[in-house]
Structure formats: structure tokens, C-alpha cells
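Derivation of every value follows stated rules applied to the coordinates shown; laboratory data play no part. Note that the coordinates shown come from a computational prediction; the quantities given were computed from them, not determined experimentally.
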Amino acid sequence: MQADALTMQADALTMQADVLTMQADVLTIQADALTIQADALAMQANALAL
């Protein structure tokens, strides 16, 4: 019984780790999008400076 309980806890921790990984992936995508926006704004600023 204890072994089953430990297995369930391990499974729960694995699921939590998977969720955290997915959240990290989402944050990475958001960071990439912000970088693209920053690059676009920099290009606009350069165009205005001409």
C-alpha cells in the first residue's frame, strides 16, 4: 500500500513538472513575440530617423 501511495505521489509530481514545462514553453513563446515587437519598433524608429 505504501508503494502504491508513493507511486501516486511520483505520478503527481511528474504531472506538476509537465505543467511547469508547458508554462515555461508559453513564457518562451511570449518572450519571442515581445522580441519581435521590439525589433519592429526599432526598425520603425530607424525609418523615422532617416
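Annotations
- Residue separation of Ala47 and Met22 scaled by 0.36 nm, minus their Cα-Cα distance, works out to 5.2 nm of gained length.
- Here the extension length gained between Gln9 and Thr35 equals 5.5 nm, from 0.36 nm per residue of separation less the Cα-Cα distance.
- For the chain, the longest principal axis of the alpha carbon atoms and the long axis of helix 2-49 meet at an angle near 0°.
- Matching label, Cα extents along the principal axes in Å computed from the structure shown, candidates [x] 74, 7, 5; [y] 32, 31, 10; [z] 34, 25, 19: [x]
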